[in-house]
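Peer 1: Can you read through this structure? Questions will come right after.
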Amino acid sequence: MVKKIPSTVLAIFACLLWATAFAGVKTGLKYADPLFFAGIRFFIAGLLLIPFCGPLSHIAGEVKKYWRVILTVSLFQTVLLYAFFFLSMNLVEASTGAIINGASPLVGALMAHFLLKGQGDRLTARKLISFLVALGGIILITIGKGDLSTIVGRQEITGIFLMLTGSICGAFASIYIVRKRSPIKPVLLNSLQISTGGLFLFLISLLTEGIDFSVFSDPQVEFFIALLYLSALSATGFSIWFYLLKDRAVPVTTLSIWKFIIPVGGAVFSWIIIPGESPDLISLGGMGATAFAVLIFFSKGTQSKNL
């Protein structure tokens, strides 16, 4: 069934799912520390996929053969990427975080250009222009939001830096998956890497944030709705992404441009869902640059045989 769905449709669906994550993360962070919340989110997400991965004996055999791949992807795609992401979301508004996250396609495309030579990931002039336009939008947001004379402004700048650092880690994970092309199934790889990464994040949180299980002793419905939704979102979104990278061999640069949907959608969802967040001229300008970048990339003359 999935094989009949065009790669473009799958990529857009995954990006729209991720776009809703910013509001969900911001909601959950009202009740839990960043790394603790990230850890239990991804551990649950990995467990949700286990029933779709085959018999336990098969899973154990795959772990034995591909444990290096699983640990490497887990380190960069879950532990580092989402440690930086959740810490940054604790410092910036959900809508700001969503728009700044729009830099991740640029990071991924530039890294793929240099690290995946000869594998369909070369930058063209048109692609480079589209990425620079999107980057201009990110810079606009950074200048408008980050007033270094205030504590809040310094927090915003720190949050932006953390999110961009996480983008580098996520881009490396995608490139690593493309280069390895290991036979392990995408759903199984995703299940194992996010559950492993979630466990590591949880253990790190115990060391750095302390032990606080108040969200379970005094349960909040809003927190658990956010947690379960984000866990299901992660399980679905990353399985689709790994499938496109590994089984369909869609170039990283082509997939990366669709990630520009995430900041626009994420900001809109955040403005709708999160109390106190609303659009301003700077945010709308950054979103406009992002949308224009997508139009440039997919304008006449830019085609991909993988879509």
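Peer 1: Please state the shape class of the stretch 156-307: rounded when a/c is under 1.5, otherwise prolate if a/b exceeds b/c and oblate if not, all from the C-alpha gyration tensor.
Peer 2: Since a/c reaches 1.5 but b/c is at least a/b, the shape of the stretch 156-307 is classed as oblate.
Peer 1: While we're on this one: Quickly estimate the mean residue ellipticity at 222 nm for the chain, helices only: each DSSP H run with n ≥ 4 gives -39500 (n - 2.57), and the total goes over all residues, rounded to 500.
Peer 2: So the calculated ellipticity at 222 nm is -24000 deg cm²/dmol.
Peer 1: Too long at a 31 Å Cα-Cα cut-off: which of 127/246; 185/259; 30/127; 3/30; 30/259?
Peer 2: Result: 30/127; 3/30 exceed 31 Å.
Peer 1: Rounded to the nearest 20 debye, what is the charge dipole size of the chain about its Cα centre when +1 sits on each Lys and Arg Cβ and -1 on each Asp and Glu Cβ?
Peer 2: Rounded to the nearest 20 debye, it is 1700 debye.
Peer 1: Can you give me the pair-distance distribution of the stretch 9-92, C-alpha pairs, 5 Å bins, whole percents?
Peer 2: Calculated P(r), rounded to whole percents: 3, 12, 17, 21, 19, 14, 10, 4, 1.
Peer 1: For the ranges 208-215, 180-187, what's the packing order if you count other beta-carbon atoms within 10 Å of each residue, average per peptide, and put the highest first?
Peer 2: The densest-packed peptide leads the list: 180-187, 208-215.
Peer 1: Give the residue from 164, 194, 206 lying farthest towards the positive end of the charge dipole for the stretch 2-297; charges sit on Cβ (+1 for Lys and Arg, -1 for Asp and Glu) and the dipole is referred to the Cα centre.
Peer 2: 194
Peer 1: Hydropathy first: keep DSSP H helices in the chain averaging at least 0.5 on Kyte-Doolittle, then drop any whose Cα extent along the axis falls short of 20 Å, and list what survives.
Peer 2: 34-49, 125-145, 151-180, 186-208, 221-246, 281-297
Peer 1: Turning to a different aspect of this structure: If you average over every viewing direction, what projected area does the convex hull of the Cα atoms of the stretch 251-293 give, in nm²?
Peer 2: 3.2
Peer 1: Let me ask something additional. Per the Debye formula with a single identical scatterer at each Cα and no solvent contribution, what log10 I(q)/I(0) holds for the chain at q = 0.07, 0.08, 0.15 Å⁻¹?
Peer 2: -0.25, -0.33, -1.22
Every read-out reported here was derived from the displayed coordinates using simple, explicitly stated rules and does not represent laboratory data. Since this is a predicted model, take the numbers as computed values, not measurements. Don't worry about glycine lacking a Cβ; one is built from the backbone with ideal geometry, like all the others, and counts go over all protein chains shown.
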